Amino acid sequence: MRIYLIGFMGSGKSYLGKALASQLNLNYLDLDDWLEKEEGRSISRIFSESGEMEFRKLEAQYLRATAQHQNIVIATGGGTPCYFENMDWANENGVTIYLNASPRLIASRLSGEKSKRPLISSLNDEELLNFIKNKLAERESFYHQAHLQLDILEDGTEAIAEIALFLKRFIPKA
């Protein structure tokens, strides 16, 4: 079983992915962290040296490489579902879960870590909120193709329990 968590940056994919993997006794993989480690450079550096499209090609390559893993929760990048038919691929190769967080919640989570995220590093708070709203509008048609959608509240604890309850039906008993 492969579980792909999708959603906008700051929606809680990494946090919830680790918690969900622990609760379901599955492995965990952050797609962005894996890509950075294997490529030997940060996503910000890939963006600045090679451009967004080169990053998106690498992202698609690493997403497809997750097919070699079983019993794993995978946190994808926020844009992963939107390029190279990645959403279709993830839906065919695992269970996809869209973590739907409000633009205000996302903005509050991202305001302190803008420097790590190339798409928002130069934005002030108002620009950040507008960027989030615009990008969500562009990406939601992809996100809404997920098998399951969860609305994320402040700490995500309800989401972990809800996801775990849903997925336990599909995990073979040891």
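To the nearest 500 deg cm²/dmol, what mean residue ellipticity at 222 nm is calculated for the chain from DSSP H runs of n ≥ 4 alone, each contributing -39,500 (n - 2.57), summed and divided by the residues?
Value at 222 nm, helices only, nearest 500: -15500 deg cm²/dmol.
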Quick one: 3J(HN,Hα) in Hz for the stretch 40-50, Karplus 6.51/-1.76/1.60 with θ = phi - 60°, rounded, Gly and Pro as x. x, 7, 6, 4, 4, 5, 4, 4, 6, 8, 10
If the chain between Ser122 and Arg104 were fully extended at 0.36 nm per residue, the gain over the current Cα-Cα distance would be 4.7 nm
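Take the residue pairs Lys135/Lys168; Lys57/Lys135; Lys133/Lys168 and return only those whose Cα atoms are more than 30 Å apart.
Beyond 30 Å between Cα atoms: Lys135/Lys168; Lys133/Lys168.
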To the nearest 20 debye, what charge dipole does the stretch 33-99 have about its Cα centre, counting +1 at the Cβ of each Lys and Arg and -1 at the Cβ of each Asp and Glu? 80
Under 5 Å between amide hydrogens, which residues at least 5 positions from Asp30 or on another chain qualify, with H placed 1.01 Å from N in the peptide plane? Ala75
Nitroxide proxy distance, nm - points 7 Å out along Cα→Cβ at Ala161 and Met53: 4.8
In debye, nearest 20, what is the charge dipole magnitude of the chain about its Cα centre with +1 on Lys and Arg Cβ and -1 on Asp and Glu Cβ, if you could check? 400
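Any read-out appearing in this document is the output of simple, stated calculations on the displayed coordinates, not a laboratory observation. As the structure is a prediction and not an experimental result, all values here were calculated from the model. Cβ atoms come from the backbone with ideal geometry, glycine included; neighbour counts cover every protein chain shown.
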